[in-house]
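Peer 1: Quick one: structure below, then a few questions.
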Amino acid sequence: MTPEKNKNLDQMFTAIQEKAARHADSITEDPAPKIYIGMATCGLASGALETKKAFEEALSLRNIQARILQVGCMGHCYGEPLVTVHNPGFPPILYHQVTPGKATMLVKSFLEEGDPLFEYLLGAMEENDLIPQVWDFARFSQEKRVVTEICGFINPEEILDYIAMGGYSSLAETLRLEPHDIINQVKNSGLRGRGGAGFPTGKKWELAKDARGQEKTVILNADEGDPGAYMDRTILESNPHQVLEGIAICAYAVGARKAILYVRSEYPLAVKVVTRAIEQAKELGLLGKGILGTSFDLDISVFQGSGAFVCGEETALIQSIEGQRGMPQLRPPYPVQKGLWGNPTVINNVKTFASVPPILKHGEFWYRQIGTEGSTGTAIFSVVGDILHAGLVEIPMGVPLRTLIFDICGGIPNKRTFKAVQVGGPSGGCLPADFLDTPIDFDSLTEAGAMMGSGGMVVMDEDTCMVDVARYFLDFTQKESCGKCTFCRIGTRHLLNLLERITKGEGREGDLELLEDLSQDIRDGSLCGLGKTAPNPVLTSLKYFRDEYVAHVKEKRCPAGVCRALTAYYIDLEKCARGCDACVGSCPVEAIFTTKNRKKGIDQTLCVKCGECVTACPAEYDAVRKVSPPERAPIVERPADISD
Amino acid sequence: MAKILIDKKEIEAKEGANLLQVCLKNGFYIPNLCHLEGMDSPPASCRLCFVEIEEEDGPVTSCSVTVRAGLKVTTDTPPVRRLQRSALKLLLSAHDVDCARCPANKKCGLQTIARFLKVGLKPKQLEQLRKETEGMEDHPFLRYDPNRCVLCGRCLQVCHGKQGQPFLTFAKRGFDTVIASYGEKDLSNTTYQEFTACAQACPVAALGPKND
């Protein structure tokens, strides 16, 4: 494909940019107050629809003219529903956890009476003398947003919003260049694939460009399936065009005329948003036939995955598009040589494609300056679990785990202490506090025994049982194993059974050694990445939390008090208040009885260890105790005859 | 032709040939279950045919290696044997070892490999696992025992090859993966002859004629 140096391209793109500018001006010049509501999946799950309705009702009730605008997710999922109110005369103000009640209050007090309700706000989005800025908080100031820069600030269903922010200019520029120039820029930027393995993106594209084949294809891998990971979903829902632009650039560079977006069907909103984005881009001539008046065509479509985790593995993904059962195939040949329908195929993650337009816009040197030598650019994590400010975080590579967890995300809530962080999903590992100073980059995390993965990060506090965590992840991998190869199919089932036995207090001498041996064989012997990495949660937890395993096997004790078979609740009679019945109704199995002196006891034979009584017991008494092993609970006799 | 070394013995083989095939042809036995002669893309799923190749880290499955000049192959290193024994024990832990009543007795793939690797047919370390599912009860001709099946996929390979449209497929996930009949074709109009190849490809008699 030759570069198109005709004026047509410039004219067409300038016209589009002008249209976008007029669209943006029509919003900024509108004197009415503007209310931006985050309506990605996280916002909707937290009630953004109800909040929007409350705004609409309050506005019409008070007869106030204001514009409600729908935006994506800013990444601050802990604060959803997030609403930015731009009331003329004030800076734009970000409000968090805006319930319908708060929405009504904001309309009345802020829009009608001019009181910005300081108690509800998170901060101002612009410099001003009145309200502290959000940029003063670590969560905002220590992030480096490349991929998610405008996520949450634009309407994902309005292409002109993206273009007005400079979108598609990298694609327009690309079409003026030779494909190998683009590949060189991507290569020199040091960008590595964000799907987990970290293969150099420019090199992959070069291999695909040089590969011989009729119908080269570019595939977006948005089959995000790690428990607790939602980076790709959020990006697709909040700024789909940046991803589409990256795909189009890749297709031009490698000589593909076909692109497929493989999005899992469990992401209905992402599918809807991205489908609409494709339509809009086609209407403007930014995708489809003769892009921006050049001879470059890109046929782009969405393929919905049907709920198999293993289809995130690229060869299984290809099988699934071809209508086969999603099972990983032997590599080589790699997809860049022989992929979809036997043709050279580039498969990249959402974050990889979304990184490309900024790289081409600001240049490879700009990108290299972010991050570390071996891992340039930014890392995007969905930080979840026992963490104060859960959500999507984009940081320069090389930031230590400690900074991410304690400074940017606010640390562990409820006065608990940090125990471990699980990085890299079911293929990753659990790192203890000793590793908090590990820099977040591909190589350091792998060295520590975890892996970058695609960006799932689960923070765990002291109340977490590491054996139970390992069991959870093995349960996941065993259910999601495609069943093809011996080690993964049968080996992980043995691991799971062993872990289940240990958490039930039925661990035996030699179990830990068997776990270790089997894990090593599964790692060394499995066919695909899923099997090879499946034992990681076991291996790392055995390495860093071996004492917990030993306590389970030898003492039948769960140090964190999580494994139900190894714990018991009892009521401390010293603390229990005579005549108080608060816990009785909370018990679902009527295990709580009244003692002779009108205090309470728990019948251990009935107790299902749900912990409801702990919550029900008034804080001033705090009489319910949890112990492990269960024998440590003192036996309180149920009176033979009770008559109260 | 390319010269390669297998266990220090010089062998001549075609450049690009399948290494497992070359080893077997030249009298170097390597345990294998999922391999069928002449396959263009090996499934590499049974994880038994490990060998070590000089200048490569750790054991690799020989079915996925193609011959190139100067290849130095060792078939019996301790890491190779460890993985082979481990894979075999895993397969045996999910296999209903009842040889006396099994039609495959004395010609069974698992027996051969166990004898070669000096592994007992009932390894003690691992607990016995069984699938609860029954397979293909409604099939007019084939009998299928999920707890004999080693899921090597040879029946599928043959099925795909001879019929074009497959009659059989993998079904379910994880440990519960089984072989199931599949396809739009009305099986009532078929004869057992169409399935003999599939059944004969089975190394452990998990598939066979219904009255077997």
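The values are calculated or read from the model by the stated rules, or taken from the named source; none is laboratory data. Bear in mind the structure is a predicted one, so any value in this text is a computation, not a measurement. Neighbour counts are summed over all protein chains in view; Cβ atoms, including those assigned to glycine, are modelled from backbone coordinates with ideal geometry. Remember, those area values only see protein heavy atoms, side chains included, never the ligands or the DNA or RNA. Shrake-Rupley method; radii C 1.70, N 1.55, O 1.52, S 1.80 Å.
Peer 1: Residue by residue through the stretch A:338-349, note down the ones that are within 14 Å of chain B (Cβ to nearest Cβ) and closer than 19 Å to A:GLY195 by Cα.
Peer 2: The answer is A:GLY339, and nothing else.
Peer 1: Looking at (1) farther than 26 Å from B:ARG143 by Cβ; (2) within 11 Å of chain A (Cβ to nearest Cβ); (3) aliphatic (A, V, I, L, M), which is the one condition that is false for B:VAL67?
Peer 2: The single condition B:VAL67 does not satisfy is (2).
Peer 1: Let me ask something additional. Can you name the number of the only condition in (1) touching a strand residue (DSSP E or B) at 6+ places or on another chain (Cβ under 8 Å); (2) of a type in the set (Phe, Trp, Tyr); (3) without any contact (Cβ under 8 Å) to a residue 12 or more places away in the chain that A:TRP366 fails?
Peer 2: Status for A:TRP366: all satisfied but (1).
Peer 1: Now for a separate question. Any residue in the stretch A:595-624 that's without any contact (Cβ under 8 Å) to a residue 24 or more places away in the chain: show its pairings with residues that are basic (Lys, Arg) and assigned to a loop (DSSP other than H, G, I, E, B) at Cβ separation under 8 Å, as long as the two are six or more apart or on different chains.
Peer 2: Within 8 Å, the pairs are A:ASN597/A:ARG578.
Peer 1: Can you tell me how many residues within the stretch B:69-121 are open to solvent by 60 Å² or more (accessible area, probe 1.4 Å) and in contact with a helix residue (DSSP H, G or I) (Cβ under 6 Å, 6 or more places away or on another chain)?
Peer 2: Number of matching residues: 1.
Peer 1: For the stretch A:37-85, which positions are more than 25 Å from the chain's Cα centre (by Cα), open to solvent by 20 Å² or more (accessible area, probe 1.4 Å) and of a type outside the set (Gly, Ala, Ser)?
Peer 2: Answer for the stretch A:37-85, where residues must be more than 25 Å from the chain's Cα centre (by Cα), open to solvent by 20 Å² or more (accessible area, probe 1.4 Å) and of a type outside the set (Gly, Ala, Ser): A:LYS53, A:GLU56, A:GLU57, A:LEU61, A:ARG62, A:ASN63, A:ILE64, A:GLN65, A:ARG67, A:ILE68.
Peer 1: Moving on to the next point. Can you find even one residue in the stretch A:509-518 that is within 9 Å of chain B (Cβ to nearest Cβ), free of Cβ contacts under 8 Å to residues at least 60 places away in the same chain, over 30 Å from A:SER355 (Cα atoms) and touching a Leu at 6+ places or on another chain (Cβ under 9 Å)? Quick ask: steps written out before the conclusion?
Peer 2: Keep residues of the stretch A:509-518 that are within 9 Å of chain B (Cβ to nearest Cβ), which gives A:510, A:514, A:517-518.
Still in the list and also free of Cβ contacts under 8 Å to residues at least 60 places away in the same chain: A:510, A:514, A:517-518.
If we keep only those that are over 30 Å from A:SER355 (Cα atoms) as well, we get A:510, A:514, A:517-518.
Subset that is touching a Leu at 6+ places or on another chain (Cβ under 9 Å): A:514, A:518.
Yes, some residue in the stretch A:509-518 is within 9 Å of chain B (Cβ to nearest Cβ), free of Cβ contacts under 8 Å to residues at least 60 places away in the same chain, over 30 Å from A:SER355 (Cα atoms) and touching a Leu at 6+ places or on another chain (Cβ under 9 Å).
Peer 1: Continuing with the same structure: Tell me, yes or no, whether the stretch A:118-131 has at least one residue that is free of Cβ contacts under 8 Å to residues at least 24 places away in the same chain, open to solvent by 10 Å² or more (accessible area, probe 1.4 Å), in a helix (DSSP H, G or I) and not assigned by TED's automatic domain parsing to the domain that holds A:LYS282.
Peer 2: Yes, the stretch A:118-131 contains a residue that is free of Cβ contacts under 8 Å to residues at least 24 places away in the same chain, open to solvent by 10 Å² or more (accessible area, probe 1.4 Å), in a helix (DSSP H, G or I) and not assigned by TED's automatic domain parsing to the domain that holds A:LYS282.
Peer 1: Say whether the condition of being assigned to a helix (DSSP H, G or I), more than 15 Å from A:GLY225 (Cα to Cα) and open to solvent by 30 Å² or more (accessible area, probe 1.4 Å) is met by at least one residue in the stretch A:449-466.
Peer 2: Taking every residue of the stretch A:449-466 in turn, none turns out to be assigned to a helix (DSSP H, G or I), more than 15 Å from A:GLY225 (Cα to Cα) and open to solvent by 30 Å² or more (accessible area, probe 1.4 Å).
Peer 1: When you look at A:LEU388, is it open to solvent by 10 Å² or more (accessible area, probe 1.4 Å), farther than 23 Å from A:GLY190 by Cα and outside the structural domain of A:PRO357 (by TED's automatic domain parsing), yes or no? If you could, list the steps in order and put the result at the bottom.
Peer 2: Numbers: open to solvent by 10 Å² or more (accessible area, probe 1.4 Å): yes; farther than 23 Å from A:GLY190 by Cα: yes; outside the structural domain of A:PRO357 (by TED's automatic domain parsing): yes.
Here the answer is yes, as A:LEU388 does meet what is asked.
Peer 1: With respect to the numbered conditions (1) open to solvent by 20 Å² or more (accessible area, probe 1.4 Å); (2) touching a residue at least 40 places away in the same chain (Cβ under 8 Å); (3) touching a Leu at 6+ places or on another chain (Cβ under 7 Å), which one is the sole condition not fulfilled by A:VAL107?
Peer 2: (1)
Peer 1: Which of (1) in the same structural domain as A:GLY312 (by TED's automatic domain parsing); (2) free of Cβ contacts under 8 Å to residues at least 24 places away in the same chain; (3) among the polar types (S, T, N, Q) does A:SER189 not meet, given it meets every other one?
Peer 2: (2)
Peer 1: If I ask for residues that are within 15 Å of B:ASP76 (Cβ to Cβ) and more than 9 Å from chain A (Cβ to nearest Cβ), which ones from the stretch B:49-63 would you list?
Peer 2: If the condition is that a residue be within 15 Å of B:ASP76 (Cβ to Cβ) and more than 9 Å from chain A (Cβ to nearest Cβ), then B:CYS49, B:VAL51, B:GLU52, B:ILE53, B:GLU54, B:VAL60, B:SER62 are the ones that fit.
Peer 1: Something else: Can A:ASP232 be described as among the acidic types (Asp, Glu), in contact with a Phe, Trp or Tyr (Cβ under 8 Å, 6 or more places away or on another chain), closer than 26 Å to A:ASP441 by Cα and crowded, with 24+ Cβ neighbours inside 10 Å?
Peer 2: Working: among the acidic types (Asp, Glu): yes; in contact with a Phe, Trp or Tyr (Cβ under 8 Å, 6 or more places away or on another chain): no; closer than 26 Å to A:ASP441 by Cα: yes; crowded, with 24+ Cβ neighbours inside 10 Å: yes.
Criteria not met by A:ASP232.
Peer 1: May I ask you to say which residue of A:GLY363, A:GLY411 is in the same structural domain as A:TRP205 (by TED's automatic domain parsing), small (Gly, Ala, Ser) and out of contact with any Gly (no Cβ under 7 Å at 6 or more places or on another chain)?
Peer 2: Sole residue among the options that is in the same structural domain as A:TRP205 (by TED's automatic domain parsing), small (Gly, Ala, Ser) and out of contact with any Gly (no Cβ under 7 Å at 6 or more places or on another chain): A:GLY363.
Peer 1: Follow-up. Inspect all residues belonging to the stretch A:407-424 and state whether any of them is within 23 Å of the chain's Cα centre (by Cα), of a type in the set (A, V, I, L, M, F, W, C) and open to solvent by 10 Å² or more (accessible area, probe 1.4 Å).
Peer 2: yes
Peer 1: Right, here's the next one. Among the numbered conditions (1) surrounded by fewer than 24 Cβ atoms within 10 Å (Cβ to Cβ); (2) small (Gly, Ala, Ser); (3) touching a strand residue (DSSP E or B) at 6+ places or on another chain (Cβ under 8 Å); (4) more than 14 Å from chain B (Cβ to nearest Cβ), tell me where A:GLY374 comes up short.
Peer 2: Evaluating A:GLY374 over (1) surrounded by fewer than 24 Cβ atoms within 10 Å (Cβ to Cβ); (2) small (Gly, Ala, Ser); (3) touching a strand residue (DSSP E or B) at 6+ places or on another chain (Cβ under 8 Å); (4) more than 14 Å from chain B (Cβ to nearest Cβ) leaves (3) as the failure.
Peer 1: Which of the following residues is under 23 Å from B:VAL178 (Cβ atoms), within 13 Å of chain A (Cβ to nearest Cβ) and either in contact (Cβ under 8 Å) with a residue 24 or more places away in the chain or aromatic (Phe, Trp, Tyr) (or both): B:CYS108, B:CYS46, B:CYS102?
Peer 2: Step by step, each of B:CYS108, B:CYS46, B:CYS102 is checked, and only B:CYS46 is under 23 Å from B:VAL178 (Cβ atoms), within 13 Å of chain A (Cβ to nearest Cβ) and either in contact (Cβ under 8 Å) with a residue 24 or more places away in the chain or aromatic (Phe, Trp, Tyr) (or both).
Peer 1: Does A:ASP524 satisfy the condition of being more than 9 Å from chain B (Cβ to nearest Cβ) and modelled with pLDDT of 95 or more?
Peer 2: No.
Peer 1: Which numbered condition in (1) surrounded by fewer than 24 Cβ atoms within 10 Å (Cβ to Cβ); (2) assigned to a helix (DSSP H, G or I) is the only one that A:PHE473 fails?
Peer 2: (1)
Peer 1: Any idea which residue in the stretch B:8-27 is nearest to the other protein chains (Cβ to nearest Cβ), counting only those that are open to solvent by 30 Å² or more (accessible area, probe 1.4 Å) and part of a loop (DSSP other than H, G, I, E, B)?
Peer 2: B:GLY16
Peer 1: Can you find a residue that is among the aromatic types (Phe, Trp, Tyr) and either open to solvent by 60 Å² or more (accessible area, probe 1.4 Å) or closer than 19 Å to A:GLY152 by Cα (or both) anywhere in the stretch A:7-20?
Peer 2: Checking the stretch A:7-20: not a single residue is among the aromatic types (Phe, Trp, Tyr) and either open to solvent by 60 Å² or more (accessible area, probe 1.4 Å) or closer than 19 Å to A:GLY152 by Cα (or both).
Peer 1: Here is a follow-up. Please go through the stretch B:80-96 and give me each residue that is facing chain A (nearest Cβ under 8 Å) and either free of Cβ contacts under 8 Å to residues at least 40 places away in the same chain or not in a helix (DSSP H, G or I) (or both), ordered by number. It would help to see each step written out before you state the result.
Peer 2: Taking the stretch B:80-96 and keeping what is facing chain A (nearest Cβ under 8 Å), we get B:82-83, B:86-87, B:90-91, B:93-94.
The answer is B:ARG82, B:LEU83, B:SER86, B:LEU90, B:SER93, B:ALA94.
Peer 1: Is there a residue in the stretch A:485-502 that is more than 10 Å from every other protein chain (Cβ to nearest Cβ) and either small (Gly, Ala, Ser) or open to solvent by 10 Å² or more (accessible area, probe 1.4 Å) (or both)?
Peer 2: Yes; the residues of the stretch A:485-502 include at least one that is more than 10 Å from every other protein chain (Cβ to nearest Cβ) and either small (Gly, Ala, Ser) or open to solvent by 10 Å² or more (accessible area, probe 1.4 Å) (or both).
Peer 1: Here's something else I'd like to know. Can you tell which of A:THR438, A:THR352, A:THR417, A:THR376 is over 16 Å from A:ARG194 (Cβ atoms), hydroxyl-bearing (Ser, Thr, Tyr) and touching a Leu at 6+ places or on another chain (Cβ under 9 Å)?
Peer 2: Only one candidate passes the filter, namely A:THR438.
Peer 1: Looking at B:LEU33, is it buried (at least 18 other Cβ atoms within 10 Å of the Cβ) and under 20 Å from B:LYS3 (Cα atoms)?
Peer 2: Here the answer is no, as B:LEU33 does not meet what is asked.
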